[in-house]
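The values are calculated or read from the model by the stated rules, or taken from the named source; none is laboratory data. Computed from a predicted structure; not experimentally measured. Neighbour counts run over all protein chains shown; Cβ positions are idealised from the backbone, glycine included. Just so you know, the surface numbers come from the protein's heavy atoms only, side chains and all, with ligands and any DNA or RNA stripped out. Shrake-Rupley method; radii C 1.70, N 1.55, O 1.52, S 1.80 Å.
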Amino acid sequence: MSFEELLNTLNPHIVGSLKRAIELGKWPDGKTLTDAQRRRCGEAVARWEQHNLPPASRAGFVPRKETPCGNPPADERKINWV
């Protein structure tokens, strides 16, 4: 089975399991993920999400800010010197 064929068999439940394995560094049976397995799982999750989820729902999504430094807090007030 090719990597592309594997991606076509993934579903949200499997992707969730892969994410969990990446986070914990081990498979559900307790065996440790190798570095190569972790990279490959991460690639599979990212590519599946790219094809199946809107950008805001993907892992690592960071929304754009209105200004480069972000918005000032709502309770921030300007001080007028007299």
Handout entry: Nearest-ten-degree value, helix 35-52 long axis tilted from longest Cα axis of the chain
Key = 70 degrees
Problem - Sulfur and carbon atoms: percent of accessible area, the chain [1.4 Å] - result: 54 percent
Problem - Two-site label geometry, Glu66 and Val82: point separation in nm, points 7 Å out along Cα→Cβ - result: 3.1 nm
Practice task
Provide the solvent-accessible area of Arg20, counting protein heavy atoms only and rolling a 1.4 Å probe, rounded to the nearest 10 Å².
Solution key: 140 Å²
Completion exercise
Two pseudo-spin positions, 7 Å from Cα along C-beta at Leu6 and at Arg20, lie apart in nanometres by 2.0 nm
Exercise for the section: Kindly report the accessible area of the chain per residue (heavy atoms of protein chains, probe 1.4 Å, no ligands, DNA or RNA), in Å². Expected result: 87 Å²
Practice task
Leaving ligands, DNA and RNA out of it, rank Val82, Val45, Val62 by accessible area with a 1.4 Å probe, largest first.
Solution key: Val82, Val62, Val45
